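Everything below concerns the one structure shown next.
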Amino acid sequence: MMFPVTHPAQDGPAPLAALLFRPGPALAPEAHRVACALLEDAARRRGGRASADEDGGWRLVAAPPALEVARRTLAAVLHGRDAALVTEALAAPPPPAPGQRGLEAMLATRPIEQLVERRAILGFGAGGMPRPAGWRLRPDRAAIAAALGAGWVGAPWQAHGWELVARRIAALPWPGEGPLHLDLPPEVLPPRGAPPFLPVLPPRALASPPPVPFAVDGPAAAALGMVDPAYLRAQVLHLAYEPALDLLPATFWGLLGPGRVVLEGVEDEAGLRWGLARGIARFSGPEPDRVLAALRRRGG
């Protein structure tokens, strides 16, 4: 059942508002995809911005008249289905202080290295020999929030800042330091041809895989247990090392293809041993960083 809800308006007119699409557990995947496509189309046609939330919902930020058109269209498509549409007013950011500029200009003037999180990837080759296996680069959310300051703390502004930094990273001629895995929203992928890096996309990209090789950030262990490994068509899966992975059946890793996995957040040697025992050969985190530092000291 769909329940359109409108939050009370804040005092004074708001130049932007948000339409939140929240799917329920019984919503068919095809209806979910259609709703997301409609939100993205509304953003393109009416100057708004559509982005995915971590819980599987989507948010369209635009002027209220554009949101009303999108809301009516979605309500007609989703009528009777398990989803909710919520519209809410957004407070406009405060007027800029003297010398302060817009969000785009504030980020563009920051050196890119201050806005990027770099994670080394440790690999194990033939005979179990450790070796550098590339880098993962992603926009640093904490650094972006600090650069924007208190005037741009809302989730839509932070998401927009994250995408702007991702676009800057993708356009850089990064030096050849091994394979480069770069976090991007799918909308930032080059329109033609494979990029010179492996794009790391959010799990929602699995519903409509791009025509180029790509990696996925996740899914989480809880979701892995409910997904047919054949559905995970990414070339590389960046999986967080967490206790729930132990609950997966022993046959799961063979079906998944452990050679595709980069195990993230490995804190100690036990985590390396756990992954190696399952056929995983690429790792990231504090313990892999220590191994790579030792290799560099030995000149390996």
**Message:** Out of VAL216, VAL262, I need the residue that is at pLDDT 90 or above, in a strand (DSSP E or B) and more than 17 Å from ARG278 (Cβ to Cβ). Which one?
**Reply:** VAL216
**Item:** Only one of ALA171, ALA159, ALA205 that is of a type in the set (A, V, I, L, M, F, W, C) and surrounded by fewer than 17 Cβ atoms within 10 Å (Cβ to Cβ)
**Value:** ALA171
**Asked** Which of the residues spanning segment 259-284 are open to solvent by 10 Å² or more (accessible area, probe 1.4 Å), hydrophobic (A, V, I, L, M, F, W, C) and farther than 11 Å from PHE124 by Cβ?
**Response** ALA270, TRP274, ALA277
**Prompt:** In segment 105-115, is there at least one residue being open to solvent by 60 Å² or more (accessible area, probe 1.4 Å), modelled with pLDDT under 80 and either farther than 23 Å from PRO173 by Cα or touching a helix residue (DSSP H, G or I) at 6+ places or on another chain (Cβ under 7 Å) (or both)?
**Reply:** no
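Of ALA150, ALA155, ALA159, which residue is without any contact (Cβ under 8 Å) to a residue 40 or more places away in the chain and within 25 Å of GLU104 (Cβ to Cβ)? Lay out the reasoning, then the answer.
On the way: ALA155 fails: without any contact (Cβ under 8 Å) to a residue 40 or more places away in the chain; ALA159 fails: without any contact (Cβ under 8 Å) to a residue 40 or more places away in the chain.
On inspection, the qualifying residue turns out to be ALA150.
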**Prompt:** For segment 125-172, what are the residues that are under 21 Å from VAL216 (Cα atoms) and among the hydrophobic types (A, V, I, L, M, F, W, C)?
**Reply:** ALA133, TRP135, LEU137, ALA159, TRP162, LEU164, VAL165, ALA166, ILE169, ALA170, ALA171
**Asked** Among the residues of segment 184-198, is any in contact with a Pro (Cβ under 8 Å, 6 or more places away or on another chain) and of a type in the set (Asp, Glu)?
**Response** no
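Looking only at residues in segment 174-188 that are assigned to a loop (DSSP other than H, G, I, E, B) and at pLDDT 85 or above, which one is surrounded by the fewest Cβ atoms within 10 Å (Cβ to Cβ)?
PRO179
What number of residues in segment 225-252 are over 18 Å from GLY125 (Cα atoms) and either touching a strand residue (DSSP E or B) at 6+ places or on another chain (Cβ under 8 Å) or not in a helix (DSSP H, G or I) (or both)? Spell out how you get there, then give the answer.
In the first step, residues of segment 225-252 are kept if they are over 18 Å from GLY125 (Cα atoms); the result is 225-235, 237-252.
Filter once more, so that each one left must be either touching a strand residue (DSSP E or B) at 6+ places or on another chain (Cβ under 8 Å) or not in a helix (DSSP H, G or I) (or both): 225-228, 232-235, 237-242, 245, 248-251.
Matching residues across segment 225-252 total 19.
Restricting attention to segment 224-240, does a residue exist that is at positive phi and surrounded by 13 or more Cβ atoms within 10 Å (Cβ to Cβ)? Steps first, answer last, please.
We begin by selecting, within segment 224-240, every residue at positive phi; these are none.
No: segment 224-240 contains no residue that is at positive phi and surrounded by 13 or more Cβ atoms within 10 Å (Cβ to Cβ).
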**Request:** Find all pairs meeting these conditions: Cβ atoms under 6 angstrom apart; at least six residues apart or on different chains; first residue within segment 236-263 and of a type in the set (Ser, Thr, Tyr); second residue modelled with pLDDT of 90 or more and open to solvent by less than 40 Å² (accessible area, probe 1.4 Å).
**Result:** TYR241/LEU263; TYR241/GLY265; TYR241/VAL266; TYR241/GLY271
**Leading residue by the ranking (least open to solvent (accessible area, probe 1.4 Å)) among those in segment 133-155 that are outside any helix (DSSP H, G or I) and farther than 20 Å from PRO173 by Cβ** = ALA133
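The values are calculated or read from the model by the stated rules, or taken from the named source; none is laboratory data. Model, not experiment: these values are computed from the prediction. FYI the Cβ positions are ideal-geometry reconstructions off the backbone, even for glycines, and counts take in every protein chain you see. Just the protein is used for accessible areas: all its heavy atoms, side chains included, with ligands, DNA and RNA removed. Shrake-Rupley method; radii C 1.70, N 1.55, O 1.52, S 1.80 Å.
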